[in-house]
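The values are calculated or read from the model by the stated rules, or taken from the named source; none is laboratory data. All figures in this text were calculated on a predicted structure; none of them were measured in a lab. So basically every Cβ, Gly included, is an ideal-geometry build from the backbone, and we count neighbours across all protein chains shown.
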Amino acid sequence: MSGETLQVYFLGTAGALPSIHRNPACIMIRHGSDTLLLDCGEGAQQQMMRAKTGFTVDAIFITHWHADHYLGVLGLIQTMSFMGRTDPLIIYGPRWVHGFVDSVMALTRTHLNFRIHASELAPGDVVPFDGYSIRAFATDHGLVSLGYILEEDSRPGRFDREGAIALGVQPGPLFGRLQRGDTVQIVREDGREVEVVPGDVMGPARPGRKVVYTGDTRPNSQDWKDWGVDADLLIHDATYDDSEKERAKEVFHSTAGEAGEVATAIGAHRLALVHGSSRYTHMASHIQDAQNTFSGEVIAPCDLDMLELPFRK
């Protein structure tokens with residue numbers, strides 16, 4: 001766990017209409033050897049080629065059934081089949097995910113080398129993985145929609161090397177056992193056999209890293225604030241800058257300033273603004289609006305940007 005990488009690839013950061021510089025929504029998360037896609041907009045497989053990520057995808061999580069968030073699935077599964085994939089693929093999503101997968105298979109006239117399974121999620125559902133989990137939460141986009149939180153399991157506390165030696169534990173394999181949570185038996189110089197438990201030499205558990213992805217939504221942290229609190233990275237809908245607040249309300253999207261308010265409400269450490277409308281040629285005004293409501297780091301990633309999240313000190 002302590003050596004797992006956590007990388008976020010922004011493969012698609014556009015709003016509903018792509019541009020020559022931005023593709024529709026697609027976020028790739030690499031956790032150790034696992035690769036997840038959060039949404040899979042049109043052209044996702046080409047973005048994966050450009051980013052040189054390969055096509056090993058362990059699961060796909062769709063936020064909602066607007067085409068700019070799922071049209072890339074059909075081409076991607078064809079490519080994975082051509083590349084010889086045999087492992088099954090699970091597509092997670094809100095209500096109607098089974099109908100979506102059925103439609104994908106109905107359109108796939110060529111034989112696939114692997115099976116595709118649908119898994120319907122509701123707010124609060126948790127999908128466990130090795131060392132972390134994905135939790136679904138409700139978003140506000142005018143139809144059934146979800147956001148997703150990747151949260152790592154807690155990490156062991158810091159190991160007190162000198163304290164262990166003082167208790168009679170010699171450096172070596174016993175150190176590793178204690179750090180893994182095992183109780184060890186040692187024989188002291190006076191011949192007494194004693195037991196050393198991890199609590200004797202390990203500090204309090206430390207939280208793992210956390211990434212929150214909202215998909216398309218109005219600012220709506222009430223239902224998931226407790227789950228998303230203290231996120232290392234919040235990836236939030238920022239379709240408009242703050243000059244278009246009324247338009248954002250009409251179409252169930254957020255402004256950059258509203259995204260900043262959410263980041264502040266959950267105590268996020270970093271905010272990434274995505275899903276910018278094609279009416280904007282740059283995101284400078286979005287960044288400024290978000291900085292007016294959030295004191296942490298604000299970024300507006302370009303397509304193919306990659307962000308690596310380190311463990312906190």
Requested in this report: Only helices (runs of 4 or more DSSP H) wholly contained in the range 242-313 count here; list those with 3 or more residues that are without any contact (Cβ under 8 Å) to a residue 24 or more places away in the chain and either in contact with a helix residue (DSSP H, G or I) (Cβ under 6 Å, 6 or more places away or on another chain) or surrounded by fewer than 20 Cβ atoms within 10 Å (Cβ to Cβ) (or both).
Outcome: 245-250
Query raised in the report: For ALA122, are the conditions met, namely being more than 18 Å from GLY228 (Cα to Cα) and surrounded by fewer than 16 Cβ atoms within 10 Å (Cβ to Cβ)?
Result: no
Query raised in the report: Looking only at the range 32-51, which residues are more than 19 Å from the chain's Cα centre (by Cα) and surrounded by fewer than 16 Cβ atoms within 10 Å (Cβ to Cβ)?
Result: GLN46, MET49, ARG50
Query raised in the report: Does at least one position in the range 203-213 carry a residue that is closer than 24 Å to LEU17 by Cβ and at pLDDT 90 or above?
Result: yes
Query raised in the report: Going by the structure shown, is LEU17 within 22 Å of ASP237 (Cβ to Cβ) and part of a loop (DSSP other than H, G, I, E, B)?
Result: yes
Report summary line: How many residues of the range 129-161 are within 30 Å of PRO198 (Cβ to Cβ) and more than 13 Å from the chain's Cα centre (by Cα)? The answer is 11
Query - Per-region count, the range 207-235, residues assigned to a loop (DSSP other than H, G, I, E, B) and closer than 14 Å to HIS253 by Cα - result: 8
Query raised in the report: Pairs under 6 Å by beta carbon, first residue at pLDDT 95 or above in the range 119-131, partner among the β-branched types (Val, Ile, Thr), six or more apart or different chains?
Result: SER119/ILE90; GLU120/VAL97; VAL127/ILE134
Report task. Run down ILE29, ILE77, ILE62, ILE91 and say which single residue is more than 20 Å from the chain's Cα centre (by Cα), surrounded by 17 or more Cβ atoms within 10 Å (Cβ to Cβ), of a type in the set (Val, Ile, Thr) and in the same structural domain as TYR213 (by TED's automatic domain parsing). Result -> ILE77
Report task. Identify all residues within the range 139-161 that are part of a loop (DSSP other than H, G, I, E, B) and within 12 Å of ARG218 (Cβ to Cβ); write none if there are none. Result -> THR139, ASP140, HIS141, GLY142, SER145
